[in-house]
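Visitor: Sharing a structure with you now.
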Protein chains: 2
Amino acid sequence: MTSRPPRERGIPEATVARLPVYLRTLQALQDRGTLTVSSEDLASAAGVNSAKLRKDLSHLGSYGTRGVGYEVRYLVYQISRELGLTQDWAVAIVGIGNLGRALANYGGFGTRGFRIAALLDADPTMVGRRVASLDVGHIDTLESVVRDKGVSIGVITTPAVAAQAVATRFVEAGVSSILNFAPVVLNVPDGVDVRKVDLSIELQILAFHAQRRNGDEDHGAEPAGLELT
Amino acid sequence: MTSRPPRERGIPEATVARLPVYLRTLQALQDRGTLTVSSEDLASAAGVNSAKLRKDLSHLGSYGTRGVGYEVRYLVYQISRELGLTQDWAVAIVGIGNLGRALANYGGFGTRGFRIAALLDADPTMVGRRVASLDVGHIDTLESVVRDKGVSIGVITTPAVAAQAVATRFVEAGVSSILNFAPVVLNVPDGVDVRKVDLSIELQILAFHAQRRNGDEDHGAEPAGLELT
DNA sequence: CCCACTTTGTGCGTGCTTTCACAAGCACGT
DNA sequence: ACGTGCTTGTGAAAGCACGCACAAAGTGGG
């Protein structure tokens, strides 16, 4: 039994969201043969403040050496372990449209740890095709696929109208981690973790800031066609 | 001249990130013929707390009626205007791989307001092909395309190694809003707004929480292959 | 052995975000 | 005209996140 690191349970959510960035940066350093790195250098490569980086890492325990920095190899391992990447996660993708295919073919899932175990679609003309070395299965087999392949993460790339039904089936099949690309708010029971990735939200946020930068130069004229009732 | 709403400059970032969700929810209500909605109902449809929703909307001005709720139609317009969706944003996508094609074909950009103006790629065998009713152009024409088509938002769907170079060219061509799908931290000057969308980060965050839910059952055994030096 | 130098880990002040709880305001029925 | 009931808008408090600045801890040279 290894001695448990002195980290307390409860890493701040904001820190968790940055750990993958640090991990990727560290792996790039490792590939370049770097053995140790200071918080200053790592932080600037990861695009954050060095104090923030040190505080983030301090939540995992004290893995640095004062006067020297962090051992890249060791830190890679500790972050991987904390994120749960030392185990193997089976992922199922539902909705094999353009986006689903793009994800299926996106081989480098950042780091290892994730394995695409199944592709499912509702369209009969899609079922049976081979995408990224996998046969596309029919959505009706979701429950058995989840069970048989040990799927623990579900990815939804269906049209918006189908997403809630797929999410519900995932949850009832025992999947409690869902990554949703469909532009809808999913309703799931407590204990199920949903993360959403939404292109149009990101664009709208960019537009907001861009408009602000431009000084709202067009706000003098209300567009025609909106009669206030 | 319309009377300027009493909103002060400076909507909190957290609020801005939620406005697109409210907007989409409201549009769904509108399509269903709903005329007014209470903060309670809208909040639950958007998946947030009703007090938060009201405070968010209060930053845009007072568009509700006590005892009744919000007029759906009017609120849709106000949020659209605040987000800058009443104008037309020209978007260029660089990197027409699986993901770039998926985005190009993703017709419904949530709401209107965004128009894909150009697709660019570095691969000569891709240049000239027609994707989503547009001819794919060569990356070397980026500067002229940005100028001629008035591109104000750049989307990067290239491999990681190419992303920084594309970002730099976008910035020098005058684009100051960038949406980055490549798994790298982009380095851009102040005043340029970069948002990133990163599949593998989202998966890793899901894995972290899933592992935590499972009670870290596997942490007893250190994997072989890591000799601590 | 000691001193100068480097870099980590963290206490603390500051500002942002969320949530509660309630006064203020509006509609509607009588 | 007035009271009842509902819903908004917001003050205030609690919680979280960020970043400064510095003590603690290690390295290496003399």
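Visitor: Looking at residue B:20, is it more than 24 Å from residue B:157 (Cα to Cα) and either in contact (Cβ under 8 Å) with a residue 60 or more places away in the chain or surrounded by fewer than 21 Cβ atoms within 10 Å (Cβ to Cβ) (or both)?
Guide: When the stated conditions are applied, residue B:20 does not pass them.
Visitor: Could you give me the residue pairs with C-beta distances under 6 Å whose first residue belongs to segment B:37-48 and is assigned by TED's automatic domain parsing to the domain that holds residue B:72, whose second residue is within 7 Å of DNA strand D (Cβ to nearest atom) and at pLDDT 95 or above wherever it lies, and which are 6+ apart or on separate chains?
Guide: Close Cβ pairs (under 6 Å, with a partner that is within 7 Å of DNA strand D (Cβ to nearest atom) and at pLDDT 95 or above) amount to B:37/B:69; B:37/B:70; B:38/B:69; B:39/B:50; B:39/B:54; B:40/B:50; B:43/B:50.
Visitor: Related question: Somewhere in segment A:58-69, is a residue assigned to a helix (DSSP H, G or I) and either modelled with pLDDT under 95 or not small (Gly, Ala, Ser) (or both)?
Guide: No: zero hits.
Visitor: Sticking with this structure for a sec: Out of all the residues in segment B:16-42, which are more than 14 Å from DNA strand C (Cβ to nearest atom) and touching a Lys or Arg at 6+ places or on another chain (Cβ under 9 Å)?
Guide: Just the residues of segment B:16-42 that are more than 14 Å from DNA strand C (Cβ to nearest atom), to begin with: B:20, B:23-34, B:37, B:41-42.
B:26, B:30 - these are the residues of segment B:16-42 that are more than 14 Å from DNA strand C (Cβ to nearest atom) and touching a Lys or Arg at 6+ places or on another chain (Cβ under 9 Å).
Visitor: Hey, can you tell me all the residues within segment B:174-215 that are more than 30 Å from residue A:152 (Cβ to Cβ), small (Gly, Ala, Ser) and either buried (at least 18 other Cβ atoms within 10 Å of the Cβ) or in contact with a Leu (Cβ under 6 Å, 6 or more places away or on another chain) (or both)?
Guide: First, pick out the residues of segment B:174-215 that are more than 30 Å from residue A:152 (Cβ to Cβ): B:174-178, B:186-194.
From the residues that got through so far, the ones that are small (Gly, Ala, Ser) too are B:174, B:176-177, B:191.
Answer for segment B:174-215, where residues must be more than 30 Å from residue A:152 (Cβ to Cβ), small (Gly, Ala, Ser) and either buried (at least 18 other Cβ atoms within 10 Å of the Cβ) or in contact with a Leu (Cβ under 6 Å, 6 or more places away or on another chain) (or both): B:176, B:177.
Visitor: Scan segment B:117-130 residue by residue and report those that are surrounded by fewer than 21 Cβ atoms within 10 Å (Cβ to Cβ) and part of a strand (DSSP E or B).
Guide: Correct list: B:117, B:130.
Visitor: Which one of these is surrounded by 18 or more Cβ atoms within 10 Å (Cβ to Cβ) and closer than 18 Å to residue A:153 by Cα: A:64, A:95?
Guide: None of the others qualify; the one that does is A:95.
Visitor: Determine which member of the set A:18, A:7 is within 16 Å of DNA strand D (Cβ to nearest atom) and either modelled with pLDDT under 95 or assigned by TED's automatic domain parsing to the domain that holds residue A:113 (or both).
Guide: A:7
Visitor: Let me ask something additional. Could you please tell me which pairs satisfy a Cβ distance under 8 Å, a separation of 6+ or placement on different chains, a first residue in segment A:66-81 that is under 18 Å from residue A:45 (Cβ atoms) and at the interface with chain B (Cβ under 9 Å from one of its Cβ atoms), and a second residue that is part of a helix (DSSP H, G or I) and of a type in the set (S, T, N, Q)?
Guide: So the pair list comes out as A:73/A:30.
Visitor: Something else: Is there a residue in segment A:70-93 that is touching a Pro at 6+ places or on another chain (Cβ under 7 Å) and among the polar types (S, T, N, Q)?
Guide: Yes, segment A:70-93 contains at least one residue that is touching a Pro at 6+ places or on another chain (Cβ under 7 Å) and among the polar types (S, T, N, Q).
Visitor: In the list A:101, A:130, A:112, which residue meets the criterion of being free of Cβ contacts under 8 Å to residues at least 24 places away in the same chain, of a type in the set (Lys, Arg) and over 13 Å from residue A:166 (Cβ atoms)?
Guide: A:130 is the lone residue from the list that is free of Cβ contacts under 8 Å to residues at least 24 places away in the same chain, of a type in the set (Lys, Arg) and over 13 Å from residue A:166 (Cβ atoms).
Here's the yes/no breakdown for (1) part of a loop (DSSP other than H, G, I, E, B); (2) within 18 Å of the chain's Cα centre (by Cα); (3) not hydrophobic (A, V, I, L, M, F, W, C):
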{"site": "A:14", "(1), (2), (3)": "no, yes, no"}
{"site": "A:23", "(1), (2), (3)": "no, yes, no"}
{"site": "A:27", "(1), (2), (3)": "no, yes, yes"}
{"site": "A:34", "(1), (2), (3)": "yes, no, yes"}
{"site": "A:41", "(1), (2), (3)": "no, no, yes"}
{"site": "A:45", "(1), (2), (3)": "no, no, no"}
{"site": "A:48", "(1), (2), (3)": "yes, no, no"}
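Visitor: Which condition number does residue A:110 fail, the rest of (1) at pLDDT 95 or above; (2) surrounded by 15 or more Cβ atoms within 10 Å (Cβ to Cβ); (3) closer than 21 Å to residue B:212 by Cβ; (4) touching a helix residue (DSSP H, G or I) at 6+ places or on another chain (Cβ under 7 Å) being met?
Guide: Checking residue A:110 against (1) at pLDDT 95 or above; (2) surrounded by 15 or more Cβ atoms within 10 Å (Cβ to Cβ); (3) closer than 21 Å to residue B:212 by Cβ; (4) touching a helix residue (DSSP H, G or I) at 6+ places or on another chain (Cβ under 7 Å), the one that fails is (1).
Visitor: What is the one condition in (1) within 24 Å of the chain's Cα centre (by Cα); (2) more than 14 Å from every other protein chain (Cβ to nearest Cβ) that residue A:204 does not satisfy?
Guide: If we test residue A:204 against (1) within 24 Å of the chain's Cα centre (by Cα); (2) more than 14 Å from every other protein chain (Cβ to nearest Cβ), just (2) comes out false.
Visitor: Restricting the search to segment A:186-206, which residues are part of a loop (DSSP other than H, G, I, E, B) and either hydroxyl-bearing (Ser, Thr, Tyr) or in contact with a Ser or Thr (Cβ under 7 Å, 6 or more places away or on another chain) (or both)?
Guide: Within segment A:186-206, A:191, A:192 meet the criteria.
Visitor: Additional query: Give me the residue from segment A:43-58 that is within 12 Å of another protein chain (Cβ to nearest Cβ) and within 25 Å of residue B:207 (Cβ to Cβ) and, out of that set, nearest to DNA strand C (Cβ to nearest atom).
Guide: Taking the candidates together, the pick is A:43.
Visitor: Right, next: Quick check on my filter: what residues within segment A:139-185 are farther than 30 Å from residue B:19 by Cα, outside any helix (DSSP H, G or I) and touching a strand residue (DSSP E or B) at 6+ places or on another chain (Cβ under 7 Å)?
Guide: Listed by number, the residues that qualify are A:150, A:151, A:152.
Visitor: I want to confirm something. Restricting to segment B:80-89 and keeping residues that are assigned to a helix (DSSP H, G or I), of a type outside the set (Ser, Thr, Tyr) and away from DNA strand C (no atom under 16 Å from the Cβ), which single residue is nearest to residue A:210 (Cα to Cα)? Lay out the reasoning, then the answer.
Guide: Step one: list which residues in segment B:80-89 are assigned to a helix (DSSP H, G or I), which gives B:80-83.
Still in the running and of a type outside the set (Ser, Thr, Tyr): B:81-83.
Within this subset, residues satisfying the condition of being away from DNA strand C (no atom under 16 Å from the Cβ) are B:81, B:83.
On the way: B:81: 13, B:83: 9 Å.
My answer is B:83.
Visitor: Mind telling me which of the residues A:179, A:120, A:142 ends up being more than 14 Å from chain B (Cβ to nearest Cβ) and in contact with a Lys or Arg (Cβ under 7 Å, 6 or more places away or on another chain)?
Guide: Working: A:179 fails: more than 14 Å from chain B (Cβ to nearest Cβ); A:120 fails: in contact with a Lys or Arg (Cβ under 7 Å, 6 or more places away or on another chain).
Testing whether each residue is more than 14 Å from chain B (Cβ to nearest Cβ) and in contact with a Lys or Arg (Cβ under 7 Å, 6 or more places away or on another chain) leaves just A:142.
The values are calculated or read from the model by the stated rules, or taken from the named source; none is laboratory data. The shown structure was predicted, so the numbers you read here are calculated from the model rather than taken from an experiment. Note: ideal-geometry Cβ built from the backbone for every residue, glycine included; neighbour counts use all protein chains shown.
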